[in-house]
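The values are calculated or read from the model by the stated rules, or taken from the named source; none is laboratory data. Source: prediction; values computed, not measured. Cβ placement follows ideal geometry from the backbone for every residue including glycine, while neighbour counts extend to all protein chains displayed. The accessibility values were calculated without ligands, DNA or RNA, using every heavy atom of the protein model including side chains. Shrake-Rupley method; radii C 1.70, N 1.55, O 1.52, S 1.80 Å.
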Amino acid sequence: MREVYAVGVGITSFTRLEYPLSEIAAYPAMMALKDAGLSKVDHVYVANMAAARLNHQSGLASAVVDTLSLTPAGAEVIENGPASGASALKQGYMAIASGLHDVVLVTGAERLREVNNLEATDAVATLSHPLAEYIYGVTLPSLAAMFTRLYMQKYGVTERHLAMVAVKNHDNALLNFYAHLHEKVTLEGILDSPEAMTNNPYVAEPLRFFDCCPVSDGGACVILASAEVAKKLKKPLVRLAGVGQATDSHCVHERAEPTDLLAVRGAAAQAFKMAGVTPSDVNVAELHDAFTILEIAESEEVGFFKKGQGHLALERGETRIGGKLPINTSGGLKAKGHPVGATGVGQAHEIILQLRGEAEKRQVKDAKIGFTCNFGGFGNNVVCLVFKREN
Amino acid sequence: MALEIYAYKCRKCGQLHYPYRMVCKKCGKNDVFEFDTVPLPKNGKLLTFTTVHNLPPDFNVAKLTLGIVELENGMRVTGQLKAPSPKMGMRVTGKVEIVREAEYSKNFGFVFYPG
């Protein structure tokens, strides 16, 4: 297999965007082409989950490739729920590694705020099992909440730990121009003060408002290229060194140990093996904290910390910028935002900036190896990526 | 006639499935025509639960409690919970009732009550 490099990146603000979905996908792509110094690509992958349902648009990739005047390059939409972004990057990786293409543009985009919050919640809830979960009113927050209750009982995680994730990620987002929530939060404001219940009401008990990611619009793009192309460009060399994907039972209730996220474990192990590194080699990571509990659980499942000890590492400040292993320097889904189909590409965008040394005030010093975990459904389809800085 | 919700039992190895599969998850040796349907038991204990405050537009209530129940044969199901003060591990009994209604559809499913 050929080696694959990330040569260009672009992003929109993750927020409420008042322009068409195809432009939300094309704008970061335009920025990434400029960043890479390229004007032509061989293929375009567009990661998106809900265009047909929420935005009344099908065949999004055809619109995007034409908006960018990249025709006649091939173009497809990749839909894998919230893991669409990393799935599209995986497709790009395979296209280049196999020798089929030399330059592949991977852009993710979502426009959830075209509809109201409850309709967006419903659209995402259709990821659950149609007959055994969805009909009951199951939403992603409710699955995360039931998971949290078990996690609290088994490992001693408390609402305070969850709030600490929110505080950390909101702090990081303050350093990220493109983040959705530029809002400092404190433990006092969201947990301890008499007003905390008003500031931070329950969404799905025991998860509160500040435990859940915002509903965001946004787009992000990464251009992948073969070694031959990458070495001719002037950007620092960042290699997509490991790709892993695993699935788990569709219904959460069917899992033998409901507090295990086996797809995360499997996907991460594959990605690390392929990259020839171990979790302890990682300098910076973006985990899929759609709910605060997930940052803690994933930090354990991918192998950064022992099972049941992620919240202790968080307490010790190890996952802050400046700590041993900074997690979600971008603000994470929690505060950078979660435009579902774009999220995985957005995570890769952050890691590539970190490895290039271009992450400005949130830069992790001398970051050489970065990791992303993009979590689809409630852990039923997970894609993990490992990036390495070369030269 | 009492309404039932069914598990799917593999004719080759006896493995029970809920929800259905088209191929057995244990032996992988049967096809979709080689399952027997078996009614799920109604009694069990509450494994975990949540009260949801942001419900999809089909629900005309402010909040709804959902839970995962471990039935007496060890199988687990997700369902709605009507208990004033739910506790993890409490005994519950299920009834099959309408759980979601939209303009053109009615869905039946498990609603669990204390006891």
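Details
- Neighbours by Cβ (under 6 Å, 6+ apart or cross-chain): first from region A:194-206, more than 8 Å from chain B (Cβ to nearest Cβ); second surrounded by 19 or more Cβ atoms within 10 Å (Cβ to Cβ): A:A196/A:I190; A:N199/A:I190; A:N200/A:I190; A:N200/A:R208; A:N200/A:F210
- Scanning region A:119-140 for residues that are more than 7 Å from every other protein chain (Cβ to nearest Cβ), more than 15 Å from A:H253 (Cα to Cα) and open to solvent by 10 Å² or more (accessible area, probe 1.4 Å) returns A:V124, A:T126.
For every residue, the table says whether it meets (1) more than 14 Å from every other protein chain (Cβ to nearest Cβ); (2) more than 30 Å from A:C213 (Cβ to Cβ).
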{"site": "B:R11", "(1), (2)": "yes, yes"}
{"site": "B:Y20", "(1), (2)": "no, yes"}
{"site": "B:H53", "(1), (2)": "no, no"}
{"site": "B:E97", "(1), (2)": "no, yes"}
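- Checked against (1) more than 14 Å from every other protein chain (Cβ to nearest Cβ); (2) of a type in the set (V, I, T); (3) farther than 21 Å from A:T329 by Cα, A:V222 meets all criteria but (3).
- The set of residues in region B:61-85 being within 11 Å of chain A (Cβ to nearest Cβ), open to solvent by 30 Å² or more (accessible area, probe 1.4 Å) and more than 18 Å from A:C251 (Cα to Cα) consists of B:V61, B:K63.
- Taken over region B:99-115, the residue count meeting the criterion of being assigned to a strand (DSSP E or B), loosely packed, with under 15 Cβ neighbours inside 10 Å and away from chain A (no Cβ under 12 Å) is 1.
- Helices (runs of 4 or more DSSP H) (entirely within region A:39-135) containing at least 2 residues that are among the charged types (D, E, K, R): A:117-125
- Residue check, A:T148 under 30 Å from B:K106 (Cα atoms), in a helix (DSSP H, G or I), among the polar types (S, T, N, Q) and in contact with a Pro (Cβ under 9 Å, 6 or more places away or on another chain): no
- Of all residues in region A:287-307, one or more are surrounded by fewer than 18 Cβ atoms within 10 Å (Cβ to Cβ) and either more than 14 Å from chain B (Cβ to nearest Cβ) or of a type outside the set (D, E) (or both).
- Total residues in region B:35-55, condition of a type outside the set (A, V, I, L, M, F, W, C) and open to solvent by 30 Å² or more (accessible area, probe 1.4 Å): 8
- When A:E300 is tested against (1) in contact (Cβ under 8 Å) with a residue 24 or more places away in the chain; (2) farther than 27 Å from A:Y27 by Cα; (3) not in a loop (DSSP other than H, G, I, E, B), exactly one condition is not met: (1).
- Matching entry among A:A179, A:A173, A:A204 (being in contact with a strand residue (DSSP E or B) (Cβ under 9 Å, 6 or more places away or on another chain), closer than 18 Å to A:R16 by Cα and crowded, with 20+ Cβ neighbours inside 10 Å): A:A179
- Checking A:R389 against (1) open to solvent by 10 Å² or more (accessible area, probe 1.4 Å); (2) under 22 Å from A:L261 (Cβ atoms), the condition it does not meet: (2)
- Scanning region A:67-86 for residues that are open to solvent by less than 10 Å² (accessible area, probe 1.4 Å) and under 16 Å from A:H43 (Cβ atoms) turns up just one, A:L70.
- Residue satisfying condition, being under 17 Å from A:H129 (Cα atoms), of a type outside the set (F, W, Y) and part of a loop (DSSP other than H, G, I, E, B), within set B:P41, B:P19, B:P84, B:P57: B:P19
- B:K25 passes every criterion in (1) within 12 Å of chain A (Cβ to nearest Cβ); (2) in contact (Cβ under 8 Å) with a residue 40 or more places away in the chain; (3) open to solvent by 40 Å² or more (accessible area, probe 1.4 Å) apart from (2).
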